[in-house]
Ligand SMILES: NC(=O)c1ccc[n+]([C@@H]2O[C@H](COP(=O)([O-])OP(=O)(O)OC[C@H]3O[C@@H](n4cnc5c(N)ncnc54)[C@H](OP(=O)(O)O)[C@@H]3O)[C@@H](O)[C@H]2O)c1
């Protein structure tokens with residue numbers, strides 16, 4: 001088969017289309033003929049050599065895909081050859097075919113095209129497993145998302161609104177703020193021109209928000225804690241810059257705050273299966289009702305993966321960037 005190979009750590013041009021071995025499936029896996037894959041920030045870090053695939057995972061980038069099942073392992077009962085699906089991957093989406101544990105596969109939600117469903121598993125599993133399963137955001141609560149226009153953010157806004165939360169976002173341009181507003185965000189803060197912590201206080205009459213989803217990390221840590229309500233929960237899913245930070249513990253004591261962090265990719269298949277099944281139960285109905293829709297900024301043929309990476313690194317996009325396999329015939 002053909003796949004995009006990271007020929008050495010570096011700039012986007014290290015992504016090269018090459019002929020590689022077909023993946024082999026284990027007894028509890030299915031083989032998917034890939035229709036589309038979507039970019040995630042992790043792909044950029046992997047290309048730069050900063051985010052190696054977990055042990056046993058495909059070496060090719062790509063944390064999610066959609067496609068048609070081409071073969072099933074002998075222990076797999078739910079899926080059959082020909083099923084149209086999307087899947088959460090530990091890697092390997094930038095390829096013609098990918099092997100994935102059956103527990104990480106989801107049906108394509110009715111109303112969403114096979115191609116666009118590729119951009120759902122990573123954001124849905126990340127947001128559901130953090131904001132809802134761990135931070136327990138619930139109806140009537142307030143929720144701040146940093147990077148509201150990101151792939152993660154555009155999904156989180158819609159899901160949180162659907163669950164009845166009041167949603168605050170930060171983003172770095174007026175165009176991005178407007179896009180987040182269109183998706184349902186209630187309070188949109190330009191972090192380049194405004195102090196988000198001050199604005200959160202102003203909008204909540206001094207209380208702060210109940211839950212924050214953060215991917216900025218250390219530089220935002222104290223300000224995030226300052227922006228939380230009593231019993232507030234901060235969930236950190238990324239660190240765009242520094243990893244180390246000092247905090248004032250008095251804010252944690254006084255307002256009984258919780259700080260959590262996690263990554264999805266490194267979890268074992270059993271954990272991922274639990275999350276994927278929770279997503280199917282709780283998120284898929286919202287997608288089927290049209291309350292949550294994929295936000296696709298641009299499609300690229302896989303042979304232009306380097307161009308797609310450049311776009312993601314430029315931060316001009318709003319929502320997800322998709323790769324589809326037109327190239328395999330070119
Ligand atoms: N832990 C996990 O399991 C997990 C899973 C998936 C993703 N993630 C993390 O989630 C984050 C988003 O991922 P993605 O794939 O959705 O990325 P993405 O679409 O590339 O979006 C990243 C966004 O971050 C925004 N940003 C940069 N600096 C910011 C700041 N100081 N304040 C607010 N926004 C800022 C940029 O928008 P502006 O132009 O507005 O700055 C950009 O749109 C990444 O950090 C990624 O590593 C974690």
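The values are calculated or read from the model by the stated rules, or taken from the named source; none is laboratory data. Keep in mind that this is a model prediction, so the values were computed, not measured. When we count neighbours, we look across all protein chains shown, and the Cβ atoms used for this are built from the backbone with ideal geometry, even at glycine.
Taking the criterion of being within 15 Å of the ligand (Cβ to nearest atom) and either in a strand (DSSP E or B) or out of contact with any helix residue (DSSP H, G or I) (no Cβ under 9 Å at 6 or more places or on another chain) (or both), the residues of the stretch 144-168 that qualify are 144, 145, 146, 167, 168. Kindly establish whether residue 122 is touching a strand residue (DSSP E or B) at 6+ places or on another chain (Cβ under 6 Å), within 16 Å of the ligand (Cβ to nearest atom) and at pLDDT 95 or above. So residue 122 fits the description; yes.
Return the residues of the stretch 231-255 that are away from the ligand (no atom under 16 Å from the Cβ) and either over 15 Å from residue 144 (Cα atoms) or touching a strand residue (DSSP E or B) at 6+ places or on another chain (Cβ under 7 Å) (or both); say none if nothing qualifies.
To start, the set of residues in the stretch 231-255 that are away from the ligand (no atom under 16 Å from the Cβ) comprises 231-232, 244, 246-255.
Of everything in the stretch 231-255, those that are away from the ligand (no atom under 16 Å from the Cβ) and either over 15 Å from residue 144 (Cα atoms) or touching a strand residue (DSSP E or B) at 6+ places or on another chain (Cβ under 7 Å) (or both) turn out to be 232, 244, 246, 247, 248, 249, 250, 251, 252, 253, 254, 255.
Could you tell me which residue of the stretch 297-320 is farthest from the ligand (Cβ to nearest atom), considering only residues that are more than 22 Å from residue 129 (Cα to Cα) and part of a strand (DSSP E or B)?
As a first pass, look at the stretch 297-320 and keep what is more than 22 Å from residue 129 (Cα to Cα): 297-318.
Now narrow it down to the ones that are part of a strand (DSSP E or B): 297-301.
Numbers: 297: 9, 298: 12, 299: 15, 300: 15, 301: 20 Å.
Restricting to residues being more than 22 Å from residue 129 (Cα to Cα) and part of a strand (DSSP E or B), the top hit is 301.
A single entry from 98, 72, 81 fulfils the requirement of being more than 21 Å from residue 294 (Cα to Cα), surrounded by 24 or more Cβ atoms within 10 Å (Cβ to Cβ) and touching a strand residue (DSSP E or B) at 6+ places or on another chain (Cβ under 8 Å): 98. In the stretch 172-200, which residue that is assigned to a strand (DSSP E or B) and farther than 16 Å from residue 223 by Cα is farthest from the ligand (Cβ to nearest atom)? So the residue we want is 187.
Quick grid of which residues meet (1) in the same structural domain as residue 205 (by TED's automatic domain parsing); (2) in contact with a helix residue (DSSP H, G or I) (Cβ under 8 Å, 6 or more places away or on another chain); (3) under 22 Å from residue 198 (Cα atoms):
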residue: 220; (1), (2), (3): yes, no, yes
residue: 223; (1), (2), (3): yes, yes, yes
residue: 227; (1), (2), (3): yes, yes, yes
residue: 234; (1), (2), (3): yes, yes, yes
residue: 245; (1), (2), (3): yes, yes, yes
residue: 249; (1), (2), (3): yes, no, yes
residue: 254; (1), (2), (3): yes, no, yes
residue: 274; (1), (2), (3): no, no, no
residue: 279; (1), (2), (3): no, yes, no
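If you go through the stretch 1-41 and keep only what is touching a helix residue (DSSP H, G or I) at 6+ places or on another chain (Cβ under 6 Å) and free of Cβ contacts under 8 Å to residues at least 60 places away in the same chain, you end up with 6, 7, 8.
Residues that are modelled with pLDDT of 95 or more and under 24 Å from residue 103 (Cβ atoms): find the strands (runs of 3 or more DSSP E) completely inside the stretch 1-50 holding 2 or more of those.
Working: elements: 2-6, 15-19, 29-38.
Once the strands (runs of 3 or more DSSP E) in the stretch 1-50 are filtered for at least 2 residues that are modelled with pLDDT of 95 or more and under 24 Å from residue 103 (Cβ atoms), what remains is 29-38.
Any residue at all in the stretch 143-158 that's surrounded by fewer than 20 Cβ atoms within 10 Å (Cβ to Cβ) and outside the structural domain of residue 65 (by TED's automatic domain parsing)? Checking the stretch 143-158: not a single residue is surrounded by fewer than 20 Cβ atoms within 10 Å (Cβ to Cβ) and outside the structural domain of residue 65 (by TED's automatic domain parsing). Residue check: residue 197 meets all listed conditions (1) crowded, with 21+ Cβ neighbours inside 10 Å; (2) touching a helix residue (DSSP H, G or I) at 6+ places or on another chain (Cβ under 7 Å) but one, namely (1). Of the helices (runs of 4 or more DSSP H) lying entirely inside the stretch 214-283, those containing at least 3 residues that are more than 26 Å from residue 59 (Cβ to Cβ) and modelled with pLDDT of 95 or more are 221-226, 269-282. Within the stretch 42-52, the set of residues being surrounded by 20 or more Cβ atoms within 10 Å (Cβ to Cβ) and touching a residue at least 60 places away in the same chain (Cβ under 8 Å) comprises 42, 43, 47. Per the conditions (1) within 15 Å of the ligand (Cβ to nearest atom); (2) out of contact with any helix residue (DSSP H, G or I) (no Cβ under 8 Å at 6 or more places or on another chain), the sole criterion not satisfied by residue 212 is (2).
Within the stretch 256-282, the set of residues being more than 24 Å from residue 92 (Cα to Cα) and within 15 Å of the ligand (Cβ to nearest atom) comprises 259, 260, 261.
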